[in-house]
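The values are calculated or read from the model by the stated rules, or taken from the named source; none is laboratory data. Predicted model only: the values in this text are computed from it and were never measured. FYI the Cβ positions are ideal-geometry reconstructions off the backbone, even for glycines, and counts take in every protein chain you see.
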Amino acid sequence: MTELLTIFHGSSHIIEKPIWGTGNPHNDYGLGFYCTESLELAKEWGTSDGADGFANEYELDAT
């Protein structure tokens, strides 16, 4: 049985397919990026300067 987990990533741009290793190595999370199960948190984290952003949605196979 497949169990899908929906997660969100807030960003200033659309990221259709996330690729590990393309992030900023100086961030506290390294080359990855933050994700959350909360759509509202993803919207909040999307941009830091009050500009418009995106809440990218991904489904992970958690089986």
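Mind telling me which of the residues ILE14, ILE19 ends up being among the aliphatic types (A, V, I, L, M), exposed (fewer than 10 other Cβ atoms within 10 Å of the Cβ) and at pLDDT 85 or above? I'd like the intermediate steps shown before the answer.
On the way: ILE19 fails: at pLDDT 85 or above.
That would be ILE14, the only listed residue that is among the aliphatic types (A, V, I, L, M), exposed (fewer than 10 other Cβ atoms within 10 Å of the Cβ) and at pLDDT 85 or above.
Are any residues in region 37-63 assigned to a loop (DSSP other than H, G, I, E, B) and closer than 27 Å to MET1 by Cα, and if so, which ones?
Looking only at region 37-63, we keep the residues that are assigned to a loop (DSSP other than H, G, I, E, B), and these are 37-38, 46-53, 62-63.
Within region 37-63, GLU37, SER38, ALA62, THR63 qualify.
Does region 23-36 contain at least one residue that is of a type in the set (Phe, Trp, Tyr), exposed (fewer than 12 other Cβ atoms within 10 Å of the Cβ) and in a loop (DSSP other than H, G, I, E, B)? Even if it seems obvious, please write down each step before you answer.
Filtering region 23-36 for residues of a type in the set (Phe, Trp, Tyr) gives 29, 33-34.
Filter again for exposed (fewer than 12 other Cβ atoms within 10 Å of the Cβ), leaving 29.
Next, from what is left, pick out any that are in a loop (DSSP other than H, G, I, E, B): 29.
The answer is yes, given that some residue of region 23-36 is of a type in the set (Phe, Trp, Tyr), exposed (fewer than 12 other Cβ atoms within 10 Å of the Cβ) and in a loop (DSSP other than H, G, I, E, B).
Show the residue pairs meeting these rules: Cβ distance below 7 Å; 6+ apart or different chains; first residue within region 41-63 and touching a residue at least 40 places away in the same chain (Cβ under 8 Å); second residue assigned to a loop (DSSP other than H, G, I, E, B) and among the β-branched types (Val, Ile, Thr).
Final answer for the pair search is GLY53/THR47; PHE54/ILE14; ASN56/ILE14; ASN56/ILE15; ASP61/THR2; THR63/THR2.
I need the full set of residues from region 18-38 which are within 16 Å of GLU59 (Cβ to Cβ) and among the acidic types (Asp, Glu), in order please.
Pass one, region 18-38, residues within 16 Å of GLU59 (Cβ to Cβ): 18, 35-38.
Scanning region 18-38 gives a single hit, GLU37.
Output the residues belonging to region 1-19 that are hydrophobic (A, V, I, L, M, F, W, C) and under 18 Å from GLY46 (Cα atoms). Lay out the reasoning, then the answer.
Restricting attention to region 1-19, the residues satisfying the condition of being hydrophobic (A, V, I, L, M, F, W, C) are 1, 4-5, 7-8, 14-15, 19.
Listed by number, the residues that qualify are ILE7, PHE8, ILE14, ILE15, ILE19.
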